[in-house]
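What follows is calculated from the coordinates using simple rules that are stated; it is not laboratory data. Small disclaimer: the values here were computed from a predicted structure and weren't measured. FYI the Cβ positions are ideal-geometry reconstructions off the backbone, even for glycines, and counts take in every protein chain you see.
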Amino acid sequence: MIKYIRSTPVSAAEGIVFDMFKQIKRDFGLVGDLFVMHSLSPSLLAGVWASLRETEMVGIVPRAIKEAVATAVAKGNECPFCMDAHSTMLMAAGESDVARQIFGGRIGEIQDRKLRSIVEWTLATRVPNSPILQELPFTAKEAPEIIGTLVINNYITRMVDVLLTNKSLIPVKNQFISKITKRLVALLFSSNLKKKKTIGDSLVFLRDAQLPDDLSWASSSPVISKAFANLSAAADQAGEADLDDATRSVVKQYIDEWDGAKPALGRGWVEQVVRPLDAPSRAAARLCLLTATAPYQIDDTLIDEFRAFFKEDRQLLNVLAWASFTVARKIGAHLTVPG
């Protein structure tokens, strides 16, 4: 269930949002809250859907590998809903043991050598310049799909952590019932995973956009390049719409220098970073910094402080999206891509 913003319900969607929801239901199996929360901004929705679909859901890399990457991202970012969702998708892809091994920190028990090395690499991507990142455990041809899956899920985990009330895909307290339900959901998705999907179908919703240099890992794939060029443009436009230059500069500088470590539980560090800004900008910058580095720390008080200056739901969506994609693209930018 979505909190803090009132998005367009699936039943009330019109125009391009209706068309996107129709394709999402066809290819993903349902129009989940991830997509509904972006419905206030068709350009963001188009960028998110295309980037997710064209990396994780189609292509040459087995779906199980990409779901393992998504699961590892969820684990590293401590997003309970995403961990539950992707472990279910791993189960649907026939790799339920891998999810348990990732969550239990037993990566060495993953039997498939390539899958194990990709999971280890994914878990290391949070820390810039980690030695393990100097050599990718996949080919140049596979890079756009795998790095794209990594980047889009770093965006998604932050948005979901802030805007969803549910901390589980299956919010049932009884563990036995939860396990049975999860298996049924995995069975339902397994048939969807096997359904043939045409690469590039989502591009019909996109505009021409230039791929930024920091997303050059996507350049060898015209389809994935266009998806991320559009998401980048939409996120930049979202930030420019509601954040002034000073706010974006302060936040971006912090994210550029961030070493991936978990920030302290207190917010003293946040106040130090936002001190040069005026009151509205401080409220926005606080939200951006915590969305990027510790979205699980965002609470009603922080949202209320932001809402005192930014009244519209779309403004909240814009700011969260800009902050989430700013850190996601930074994580992808420091990866070495094989030539």
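Things worth noting here:
- Förster radius 25 Å - calculated FRET efficiency between Ser216 and Glu257, Cβ distance, rounded to 0.05: 0.70
- Applying the Karplus relation 6.51 cos²θ - 1.76 cosθ + 1.60 with θ = phi - 60° to the stretch 328-333 yields 3J(HN,Hα) values of 5, 5, 5, 5, x, 5 Hz, where x marks Gly and Pro.
- Highest to lowest packing among 52-65, 102-115, 71-84, scored as the average C-beta count within 10 Å: 71-84, 52-65, 102-115
- Remark: relative contact order (the chain) = 25 percent; criterion is Cα-Cα distance under 8 angstrom and separation of 6 or more residues.
- Taking the chain as a Gaussian network of alpha-carbon nodes connected by springs under 10 Å, the highest mean-square fluctuation of the residues Asp33, Asp242, Asp213 belongs to Asp213.
- Relative contact order (%) - criterion: Cα under 8 Å, at least six apart; region: the stretch 1-111: 17
- Inverse mean reciprocal Cα-Cα distance (Kirkwood Rh) of the chain, Å: 20.2
- Cβ-defined net charge surrounding Phe28, 15 Å radius [Lys, Arg +1; Asp, Glu -1]: +3
- For the chain, Cys288 have no disulfide-compatible partner, since no other Cys C-beta lies under 4.7 Å from theirs.
- Modelled FRET efficiency - R0 56 Å, Asp97 with Asp313, Cβ distances, 0.05 increments: 0.85
- Computed FRET value (nearest 0.05) for Asn192 with Ala241, which takes r as the C-beta separation and R₀ as 45 Å: 0.80
- Reachable aspartates and glutamates from Lys22, criterion Cα separation under 17 angstrom, eight or more residues apart if same chain: Glu14, Asp33, Glu54, Asp201
- Paramagnetic reach from Ala124 in the stretch 68-93 [backbone N under 17 Å; point 7 Å along Cα→Cβ]: 69, 72-73, 76
- Applying a threshold of 30 Å to the alpha-carbon distances of Lys196/Lys262; Lys167/Lys194; Lys114/Lys330; Lys195/Lys226 flags Lys196/Lys262 as lying beyond it.
- Across the stretch 83-175, C-alpha contacts under 8 Å between residues 6 or more apart give a mean separation that, scaled by the residue count, equals a relative contact order of 21 percent.
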